[in-house]
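Visitor: Below: one structure in structure tokens.
The values are calculated or read from the model by the stated rules, or taken from the named source; none is laboratory data. Please read these numbers as outputs of a predicted model, since none were measured by experiment. Please note: Cβ atoms are built from the backbone with ideal geometry, for glycine as well, and neighbour counts cover all protein chains shown.
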Amino acid sequence: MSTVATPAPQSSAPARSLTMAQALNTALRDAMREDPNVLVMGEDVGTLGGVFRITDGLAAEFGADRCLDTPLAEAGILGSAIGMAMYGLRPVVELQFDAFAYPAFEQLLSHVAKMRNRTAGQLPLPITIRIPYGGGIGGVEHHSDSSEAYYAHTPGLHVLTPATVADGYGMLRAAIASDDPVVFLEPKRLYWSKDEITPGSVEPIGRAVVRRQGTSATLLTYGPSLPVCLEAAEAAKAEGWDLAVVDLRSLTPFDDETVMAAVRATGRAVVVHEATGFGGVGAEIAARVMERCFHHLAAPVLRVTGFDIPFPPPMLERHHLPGVDRILDAVARLQWEQ
Amino acid sequence: MSTVATPAPQSSAPARSLTMAQALNTALRDAMREDPNVLVMGEDVGTLGGVFRITDGLAAEFGADRCLDTPLAEAGILGSAIGMAMYGLRPVVELQFDAFAYPAFEQLLSHVAKMRNRTAGQLPLPITIRIPYGGGIGGVEHHSDSSEAYYAHTPGLHVLTPATVADGYGMLRAAIASDDPVVFLEPKRLYWSKDEITPGSVEPIGRAVVRRQGTSATLLTYGPSLPVCLEAAEAAKAEGWDLAVVDLRSLTPFDDETVMAAVRATGRAVVVHEATGFGGVGAEIAARVMERCFHHLAAPVLRVTGFDIPFPPPMLERHHLPGVDRILDAVARLQWEQ
Amino acid sequence: MTLLDQPTGPSASVWPPDAHGPRRDPAPLLPDPEPFRMLGTPAADKLDPELLRDLYRRLVLGRRYNQQATTLTKQGRLAVYPASTGQEACQVAAAAVLRETDWLFPSYRDTLAVVSRGVRPVAALTLLRGNAHHGWDPKAHRTAPLCTPLATQAPHAVGLAHAARLRGDDVVALTMVGDGGTSEGDFHEALNFAGVLNAPVVFLVQNNGYAISVPLSKQSAAPTLAHKAVGYGISGRLVDGNDAAAVHSVLTEAVEHARSGRGPVLVEAVTYRLEAHTNADDATRYRTSDEVVAWRQRDPLAVLERHLREHDLIDDAGVAAAAEAAEELAAEMRAEFHSEPELDPMSLFEHVYAEPTPQLREQADLLAAELAAEADPR
Amino acid sequence: MTLLDQPTGPSASVWPPDAHGPRRDPAPLLPDPEPFRMLGTPAADKLDPELLRDLYRRLVLGRRYNQQATTLTKQGRLAVYPASTGQEACQVAAAAVLRETDWLFPSYRDTLAVVSRGVRPVAALTLLRGNAHHGWDPKAHRTAPLCTPLATQAPHAVGLAHAARLRGDDVVALTMVGDGGTSEGDFHEALNFAGVLNAPVVFLVQNNGYAISVPLSKQSAAPTLAHKAVGYGISGRLVDGNDAAAVHSVLTEAVEHARSGRGPVLVEAVTYRLEAHTNADDATRYRTSDEVVAWRQRDPLAVLERHLREHDLIDDAGVAAAAEAAEELAAEMRAEFHSEPELDPMSLFEHVYAEPTPQLREQADLLAAELAAEADPR
Ligand SMILES: Cc1ncc(C[n+]2csc(CCOP(=O)(O)OP(=O)(O)O)c2C)c(N)n1
Ligand SMILES: Cc1ncc(C[n+]2csc(CCOP(=O)(O)OP(=O)(O)O)c2C)c(N)n1
Ligand SMILES: [Mg+2]
Ligand SMILES: [Mg+2]
């Protein structure tokens, strides 16, 4: 796992109830207060506070130079963040929506992901790239892509995605503290979810967590699909299934240990994510689980994912996104009779 | 599978012995002769005939307008090809090397892959995007990426990669004839391989082919790794293994029928490709084979792929690329004792 | 070898002949840094009154269209609406200067230009309604789909214009980009391709001062956005985007320039977005109401109406007729959006490819089974 | 709020104050379309002879470096070599004008600039030798790795320069791009960011007339590439890239301009690549030998030597001393490339991340086992 400098927890800050958006905002603010090298940059992050208000108030507190409204050009944003990181800053870049990260793809693959490696460790790039991603909020085309597979397949990047409010805070702190570049995927439909967080707590990168214990089968999921899986697990009780739910949190590095233990314990597994199934992260998860737990499995690992189609228009997205019924249908196909 | 207009085979053209590069060149020339709407465009494709000479002689025969040297800007190249296709042309775009396709990623994902779908079929984009890809030729960094996973995960694209000289011809003809966009990945280390082709023959898109029959286990591969797998299958005879080898040829659409039949016949399989393993196309193949052939398998499907690292410098690439020994080691791990 | 004329030669004096020439003389490419205006200037006297009345009717219609779409958004009938209120002069002129055979490449904010091109509002607004990605036949209307990824439509326009030229067709492509969009690499690449290919394209930049919250001063340090033209060897023009006559005149010239083979043109129209970026935006976070008020004084509709009245080019009946036509349009919009759109979940699998892959057929079966179970839960 | 000065204001006369100003006056940004020259002009008389002799020694060294690297390539000691033969004036001047604390952002062709910056040839050529991706300590030499994806280093230079400015450091970043590279979106985005941030960056475009086989006339229709500056509100300068004194002078001014907070500068140096694109290229396919011969007349080394000789600024001893130093460099190169580089396959897994992931540890074990089996095949 990546080196994570654990900042001293802010005194004995009491737990606070926040939305995911507020938790992320708090994480940015705390990181900026603790380290003057941290700066936030992107389209509309300054005066506006971001289209999702994740950077709200940061320009007011830290000034326009540390919360920088950039021109509208994603390769330029990420490219200049690289130069800043080379000079010792720790840029936190916001790319406004999933599909608007694609213009920065070359900078991401050919530089951000490789710079440490190609310079034999001499130019690490501690850049956090925040990308609101996924569907479920009725966005028009190009506003709902789940692009994690592109990043997870790219060596040199850490790919994280929080599914809880507390992880929104703790994982973003870890991402900013990491000396490696992190693609930090924020499930935009969870921005308004509410929960308690403990300010100052940093989640180490690379650990999955079992969100629900269960004995019948294991759901493996992350990001926006976690709440759906938890709901499915509740509903499954009526069918007599006791489902475990694992929240991966970090796609790279991947927590084989936690995942394999959770699957071996039940002998059955379903992977769930929003992104297109073909060549998605779910394929990697299913393949490695079957490679490593083959003789523990009573049935093949199944996948419940978005279809292999461009993301649908708002009024049809519910048919595309994995829902409780589709997950339960997959669980039902786990060869219970044999 | 995609609609493929089968052009009339050129009279009774005799089989000719060509390199893969020449076969691709012949395919372009034949397509341009048959259809005045076909045009070739990209960096250095005109006067120079391309850095790999795949477009050699086309400008001389068809003129600078049908074999267009463009300015050096990949998004501009693909973006203007989109406009040309909207007007009824059939552009064949050359992107000079794998990593230099990344600047065009937004045009590819947000437009090329989606245009037919978003316009409900009204604006199909018959664009062929030729990309020399993969390692094995001692290229310096950014010249050896295997980027197929990014494309295969993107709905709306066909992703093809020929492994034989004949397929170089026949599959490129099919790609150009297709009314859908095709990412046509040319294994650059096979450019100099030699074999016979029958001009005029078009390979339908979406069919895998069994290159070698075998009874012990099945190697599933494509593109630059096919010759390595065939070599491994030869070498395996000494160990007493009789290996089948399947050449996928088309990653999207995927030929489940041929692949599953080939795996069921042996009960064991190894997937081989050059690209980084994590989240690679091999993960999809392994996952879907295990989903569909679970009870026919004596062992989990294993993967032999490039490591999860940036492509190494020329002098070290052989340690990264799947070679005969690494493939045989994987075959040996297919739980023969059980 | 090439069908196309090469760009015209250099002035031999400024560049040594062996140094990678020919190079162009920059002088004719540079825009006048003072935006071109007609209304309120002597130039307006020469204008065809019927043209002005036509533009007026279009502006009235456009304003009403914007209002009605905004109302529909508030009623939940549109998922999102980026209004072009205040920018109607640019919107209607962009459509008015094109021939039927020309192509328009609009951005997400340019639905009014699309409507002005003859597309029905309900079709122009399909993307923003949310029932489908796109609503009209692009080939029949020679109007590309609304483009959301900024400036990515600009190279499409160049490619189409070049293709038409190769075919010997007399077609011009006009693409619309925002001030923010000019910062994207695709904008640059499109202008460069256009310059090199000498393609018949007009780039219309609606400079409304903001990219969401980001003001022009944080977007560009250029003298004007029109000055970017010189770096591509193409002509730059600057126009008051709230003066419908001036926009119409400059764009007419630009389209003619492009059509006649004299090369592409970059037009910057200086205008203002009177509403928030979209209904989801809160413009008070980044601009003062004073600023908005000041720009309301230069409302393109008010400016033209004042001109027409002052010059006695329209009477109350004319104004009323324009308003009536606008009300008809609004009524049509209300009617068309009143009914729920028809939705077919199985359409998700259509048109991904010319023919569905085996994988898509399997997935379609899965959804069909789910829908059947939903319909008949037992 | 901001630490940085805002770009200086508009000339109020050219732009209405309410129209998204301030805007800059374009006049001072526009380059003189005649490339700046010194050698052979009266301006040369004022030049410091020691500077000229220093540039001469650097050029001699540079030429010898290019020759030796080319020879090493023929001997298979380098995987590939993109020679800068003919462009040495740009290469050595780019390094000479920078302070030690400044940063250089070179492209793949700029290894001579890197060597001129004090990096040993064997280190500068590591990427092209093929044993590693990179060979020097970028922070110690304040020189970024060679950049292959065209123009992608330009935004890095802008970001670094801006960061230095935020820290209060007196640092200028100079980045080198080819004529072909100016067509890439990243070039545009970098210049735009530089203009808006008023970052202390110098963009040096070596216009050598070709991007591999594509001549400038198919790359750009701009009056000159330096004219692109105006679209970003930055200053453009055009210089004869084969006149070492002129390049040195223009770059010195540009660096000073940037350092003093007056903003970024785009310098186009008109030059010529006398060799093929790389050893793998066949230049006879796209250019005539007449053209090459003509440019050999303007060989930067010959031009400077002629000047020094004609003005009696160097004697045979000086020439011999320069040649001797160059031979020493060549001998050093031969010696250093004579031995095979040390290679450790296990290094593949180092520096992918600060610490290897569990996945990489597994894969490293696999390779280690393979290497052990290879070493001891039994
Ligand atoms: C590539 C890309 N990046 C970001 C966005 C998100 N976005 C949508 S509109 C907008 C501002 C556009 O400003 P401008 O180009 O001036 O057009 P306007 O909205 O003023 O019409 C942004 C940043 C996008 N659509 N595409
Ligand atoms: C993004 C990208 N596209 C394509 C290439 C392949 N390529 C390498 S050098 C080159 C030509 C560069 O021309 P120019 O910028 O003029 O530099 P020069 O080689 O003349 O120094 C090309 C096309 C690349 N390196 N990067
Ligand atoms: Mg705007
Ligand atoms: Mg060049």
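Visitor: Just one of the numbered conditions (1) modelled with pLDDT of 95 or more; (2) within 16 Å of the chain's Cα centre (by Cα) is not true of B:VAL202; which one?
Guide: Condition (1) is where B:VAL202 drops out.
Visitor: With the structure loaded, tell me whether C:ALA190 is in contact (Cβ under 8 Å) with a residue 24 or more places away in the chain, closer than 15 Å to B:GLY76 by Cα, away from ligand 2 (no atom under 16 Å from the Cβ) and out of contact with any Cys (no Cβ under 8 Å at 6 or more places or on another chain) or whether it fails that test.
Guide: Details: in contact (Cβ under 8 Å) with a residue 24 or more places away in the chain: yes; closer than 15 Å to B:GLY76 by Cα: yes; away from ligand 2 (no atom under 16 Å from the Cβ): yes; out of contact with any Cys (no Cβ under 8 Å at 6 or more places or on another chain): yes.
Yes; evaluated as a whole, the condition is true for this residue.
Visitor: Which ones in segment D:187-231 are away from ligand 4 (no atom under 15 Å from the Cβ) and surrounded by fewer than 24 Cβ atoms within 10 Å (Cβ to Cβ)?
Guide: Across segment D:187-231, the qualifying residue is only D:ASN198.
Visitor: Does segment D:57-78 contain at least one residue that is in a helix (DSSP H, G or I), in contact with a strand residue (DSSP E or B) (Cβ under 6 Å, 6 or more places away or on another chain) and not basic (Lys, Arg)?
Guide: no
Visitor: For segment A:84-96: of the residues being of a type in the set (A, V, I, L, M, F, W, C) and more than 9 Å from every other protein chain (Cβ to nearest Cβ), which is farthest from ligand 4 (Cβ to nearest atom)? Before you say what the answer is, go through the steps one by one.
Guide: We begin by selecting, within segment A:84-96, every residue of a type in the set (A, V, I, L, M, F, W, C); these are A:84-86, A:89, A:92-93, A:95.
Then drop every residue that is not more than 9 Å from every other protein chain (Cβ to nearest Cβ), which leaves A:92-93, A:95.
Details: A:VAL92: 36, A:VAL93: 31, A:LEU95: 32 Å.
Only one residue fits best here, namely A:VAL92.
Visitor: Which of the numbered conditions does B:LYS114 fail, given that it passes all the others? Conditions: (1) charged (D, E, K, R); (2) closer than 25 Å to B:ASN25 by Cα; (3) away from ligand 2 (no atom under 14 Å from the Cβ).
Guide: Looking at each condition in turn, B:LYS114 falls short on (2).
Visitor: Give the residues of segment C:206-222 that are without any contact (Cβ under 8 Å) to a residue 60 or more places away in the chain, within 8 Å of ligand 1 (Cβ to nearest atom) and of a type in the set (S, T, N, Q), sorted by residue number.
Guide: Correct list: C:GLN219 only.
Visitor: Whether any residue in segment B:161-178 is in contact (Cβ under 8 Å) with a residue 24 or more places away in the chain, more than 29 Å from A:HIS153 (Cβ to Cβ) and in a loop (DSSP other than H, G, I, E, B) is what I want to check.
Guide: no
Visitor: Something else now. Evaluate segment D:304-321: report whether one residue or more is surrounded by 14 or more Cβ atoms within 10 Å (Cβ to Cβ) and within 14 Å of chain A (Cβ to nearest Cβ).
Guide: no
Visitor: Within segment B:237-338, considering only strands (runs of 3 or more DSSP E) that don't extend past its boundaries, which have at least 2 residues that are away from chain C (no Cβ under 14 Å) and either under 30 Å from B:PRO204 (Cβ atoms) or of a type in the set (Lys, Arg) (or both)?
Guide: Values: elements: B:243-247, B:250-252, B:269-276, B:302-306.
The qualifying strands (runs of 3 or more DSSP E) are B:243-247, B:269-276, B:302-306.
Visitor: Out of all the residues in segment D:330-376, which are in contact (Cβ under 8 Å) with a residue 40 or more places away in the chain and either touching a helix residue (DSSP H, G or I) at 6+ places or on another chain (Cβ under 6 Å) or on the phi > 0 side of the Ramachandran plot (or both)?
Guide: Listed by number, the residues that qualify are D:ALA330, D:MET333, D:GLU336, D:PHE337, D:LEU343.
Visitor: Output yes when any residue across segment C:232-249 is on the phi < 0 side of the Ramachandran plot, within 16 Å of ligand 1 (Cβ to nearest atom) and free of Cβ contacts under 8 Å to residues at least 24 places away in the same chain, and no when none is. Quick ask: steps written out before the conclusion?
Guide: Within segment C:232-249, the first condition is being on the phi < 0 side of the Ramachandran plot, and the residues that meet it are C:232, C:234-249.
Filter once more, so that each one left must be within 16 Å of ligand 1 (Cβ to nearest atom): C:241-242, C:247.
Filter once more, keeping what is free of Cβ contacts under 8 Å to residues at least 24 places away in the same chain: none.
No, every residue in segment C:232-249 fails to be on the phi < 0 side of the Ramachandran plot, within 16 Å of ligand 1 (Cβ to nearest atom) and free of Cβ contacts under 8 Å to residues at least 24 places away in the same chain.
Residue-by-condition table, conditions (1) more than 8 Å from chain C (Cβ to nearest Cβ); (2) within 25 Å of D:SER220 (Cα to Cα); (3) in contact (Cβ under 8 Å) with a residue 40 or more places away in the chain:
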site: B:ALA27; (1), (2), (3): yes, no, yes
site: B:VAL51; (1), (2), (3): yes, yes, yes
site: B:GLY63; (1), (2), (3): no, yes, no
site: B:CYS67; (1), (2), (3): yes, yes, no
site: B:ILE82; (1), (2), (3): no, yes, yes
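Visitor: Is segment A:94-105 home to any residue that is out of contact with any Cys (no Cβ under 7 Å at 6 or more places or on another chain), of a type outside the set (Phe, Trp, Tyr) and within 16 Å of ligand 3 (Cβ to nearest atom)? It would help to see each step written out before you state the result.
Guide: Start the filter on segment A:94-105 by keeping residues that are out of contact with any Cys (no Cβ under 7 Å at 6 or more places or on another chain), which leaves A:94-105.
So of that shortlist, the ones also of a type outside the set (Phe, Trp, Tyr) come out as A:94-96, A:98-99, A:101, A:103-104.
Those left that are additionally within 16 Å of ligand 3 (Cβ to nearest atom): A:96.
Yes, segment A:94-105 has at least one match.
Residue-wise test of (1) surrounded by 24 or more Cβ atoms within 10 Å (Cβ to Cβ); (2) of a type in the set (D, E, K, R); (3) not in a helix (DSSP H, G or I).
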{"residue": "D:CYS90", "(1), (2), (3)": "yes, no, no"}
{"residue": "D:THR101", "(1), (2), (3)": "no, no, yes"}
{"residue": "D:LEU104", "(1), (2), (3)": "yes, no, yes"}
{"residue": "D:VAL114", "(1), (2), (3)": "yes, no, no"}
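Visitor: Inspect all residues belonging to segment D:164-186 and state whether any of them is surrounded by fewer than 24 Cβ atoms within 10 Å (Cβ to Cβ), away from ligand 3 (no atom under 16 Å from the Cβ) and polar (S, T, N, Q).
Guide: No, there is no match, as no residue in segment D:164-186 is surrounded by fewer than 24 Cβ atoms within 10 Å (Cβ to Cβ), away from ligand 3 (no atom under 16 Å from the Cβ) and polar (S, T, N, Q).
Visitor: Continuing with the same structure: Looking at B:LEU123, B:LEU109, which is the one that is farther than 30 Å from D:LEU128 by Cα and touching a Ser or Thr at 6+ places or on another chain (Cβ under 9 Å)? If you could, list the steps in order and put the result at the bottom.
Guide: On the way: B:LEU123 fails: touching a Ser or Thr at 6+ places or on another chain (Cβ under 9 Å).
Result of the check over B:LEU123, B:LEU109: B:LEU109.
Visitor: Assuming D:ASP110 fulfils every condition listed in (1) within 9 Å of chain A (Cβ to nearest Cβ); (2) among the charged types (D, E, K, R); (3) under 11 Å from the mean Cα position of the chain (by Cα) apart from one, which condition is it?
Guide: So the condition that D:ASP110 fails would be (1).
Visitor: Quick one: would you say C:PRO28 is at pLDDT below 95 and touching a Phe, Trp or Tyr at 6+ places or on another chain (Cβ under 7 Å)? Quick ask: steps written out before the conclusion?
Guide: Numbers: at pLDDT below 95: yes; touching a Phe, Trp or Tyr at 6+ places or on another chain (Cβ under 7 Å): no.
Judged against the criteria, C:PRO28 is not a match.
Visitor: Can you give me the ranges of the helices (runs of 4 or more DSSP H) entirely in segment D:286-378 with at least 2 residues that are farther than 30 Å from D:ASP54 by Cα and touching a Lys or Arg at 6+ places or on another chain (Cβ under 6 Å)? Before the answer, list the steps.
Guide: Numbers: elements: D:289-296, D:300-310, D:316-338, D:358-375.
Here the list is empty.
Visitor: Go through segment D:328-340 residue by residue and tally those that are within 14 Å of another protein chain (Cβ to nearest Cβ) and at pLDDT below 95. Steps first, please.
Guide: First, the residues of segment D:328-340 that are within 14 Å of another protein chain (Cβ to nearest Cβ): D:337, D:339-340.
Restricting the remaining residues to those that are at pLDDT below 95 gives D:339-340.
Count: 2.
Visitor: Go through (1) among the β-branched types (Val, Ile, Thr); (2) free of Cβ contacts under 8 Å to residues at least 40 places away in the same chain; (3) more than 14 Å from chain D (Cβ to nearest Cβ) for C:VAL122 and report which single condition fails.
Guide: (2)
Visitor: May I ask you to list the residues in segment C:215-233 that are facing another protein chain (nearest Cβ under 7 Å) and among the aliphatic types (A, V, I, L, M)?
Guide: Within segment C:215-233, C:LEU216, C:ALA221, C:ALA222, C:VAL230 qualify.
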